[in-house]
Amino acid sequence: MTDRPSVVVVAAEHDLTADLVVDRLGGRAAVVRLDPGRLRDDLEIDGRFQAGRWHGVLRHGDRIVPMDRTCAVYWRKPTRPETIAASVDRWRAHENTTALLGILKAHRLKVWCNDPLAAASAALKPAQLASAHHRGLAVPDTLFTSVSAGARAFIRDHHDRVVVKALTQRDLPLVPTTRVRPDDDLDRVAGTVHYLQALVEDRVFDARVTVVDRAVFGARITTDDRALDWRTSPRGGCHHAPLVVPAAVADACVAHVRDLGLVYVALDFVVTAQGWWYLETNPNGEFGFVQALADQPIAQAIADLLLHGRAGRNDTDTPPPRARMGT
């Protein structure tokens, strides 16, 4: 065992966001970066169960990373095996990804950012919304339904001010948040569970809140066209600025992230004159654009987390004061 920090970075080869974190790690740790979906022949993974214990090591050239309490894992977005065309390569990718995750999970490591199994669970929107409410964040009324009559009733009850969202973006281009109206063909709701949510009115701006352990970084997002979904604004029409997140909201976000078993997330809010409204939690959300456009040192915070581990726990199960508040 060595006292020098070691970091395993699991990401696609051309992941610019992962590059930012690796750059901030500099020479302060032994770093091995790999993509198990497209594993290079010169990278060695070795996990042995012997005398009742697992002993795992990663090697790449002269860099050696033992899987022990000095080791942190930054699990970003490795190649998804199911996206690989050739069946043999797809099988190898599944084998490598499953083996790597299993060996890492068998060890007591310093920190995961994030454990992909916890992240997959945390990505489930119903659990997110309940957790956010538990921690005092204001959550719009929401309906998951495959019943056309139920969708019509929900829209009517909210005075025709409802949006529909996609739960996943896989196998399709970006599916933006979209208004749904009573004269839409709601018979098509049948057969597919739709994610409906009350529209937050009188929006002043959108907010992206990035949490890294106990550090909170805010970005104010405005659009020239006041688009319902800022991701759809034309190039140059979306503006980002640093934002100080109110203390009650920041504390609730940190507690919410810990409740989900994570150390890193990006959260989306709509801010009105009356307060902050929670929309969703992105367990593996992008931060590069926030760092670049809102001048927030997020990559440095992630690097510090990987080097030093998590801050001490002071959590209780008691929700903090209601976090909805004026700007």
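The values are calculated or read from the model by the stated rules, or taken from the named source; none is laboratory data. What you are looking at is a predicted structure, and each value in this text was computed from that prediction instead of being measured. Cβ sites come from the backbone with ideal geometry, for glycine too, and all protein chains shown count toward neighbours. Each accessible area value is taken on the protein alone, full model and side chains, heavy atoms only, with ligands, DNA and RNA left out. Shrake-Rupley method; radii C 1.70, N 1.55, O 1.52, S 1.80 Å.
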5 Å binning of all Cα-Cα separations within the range 1-145, expressed as whole percents from 0 upward: 2, 9, 16, 19, 17, 13, 10, 8, 4, 2, 1
Tensor-based shape of the range 47-127 (alpha-carbon gyration tensor, a/c under 1.5 rounded, otherwise prolate or oblate): oblate
0 to 90° range, to nearest 10: angle between helix 125-134 axis and the chain longest Cα axis: 80 degrees
Residue among ASP251, ASP206, ASP160 with the largest mean-square fluctuation in a Gaussian network model of the chain, springs linking Cα atoms under 10 Å: ASP160
Residue with peak Gaussian network fluctuation, the chain [Cα springs, cutoff 10 Å], from HIS60, HIS159, HIS194: HIS159
Between 0 and 90°, nearest 10: helix 298-308 axis offset from the chain longest Cα axis: 40 degrees
Value at 222 nm in deg cm²/dmol, rounded to 500, when DSSP H runs of n ≥ 4 in the chain each add -39,500 (n - 2.57): -8000 deg cm²/dmol
Contact order normalised by residue count of the chain, Cα under 8 Å, 6+ apart, percent: 19 percent
Rg over Rh, two decimals, the range 244-313 (C-alpha only, Kirkwood Rh): 0.96
Among [x] 12; [y] 15; [z] 26, the entry derived from the coordinates for percent of Cα pairs over 36 Å apart: [z]
Per residue accessible area in Å² of the chain, where ligands, DNA and RNA are left out and the probe is 1.4 Å: 50 Å²
Volume of the Cα convex hull of the range 153-308, divided per residue and given in Å³: 150 Å³
Angle in degrees between helix 148-157 and the longest Cα principal axis of the chain, rounded to the nearest 10: 70 degrees
Accessible area of the chain belonging to carbon and sulfur atoms, whole % at 1.4 Å probe: 52 percent
The range 111-220, relative contact order [Cα under 8 Å, separation at least 6], %: 26 percent
FRET efficiency estimate (nearest 0.05) - Cβ-Cβ, ASP62 to ARG179, R0 41 angstrom: 0.10
Cross-link partners of LYS165 among lysines (Cα-Cα below 16 Å; sequence separation of 8 or more within a chain): LYS125
Euclidean distance of C-alpha centroids, the range 88-122 and the range 9-25, integer Å: 17 Å
Peptides ranked, highest mean first, by Cβ atoms within 10 Å: ranges 222-231, 179-188: 222-231, 179-188
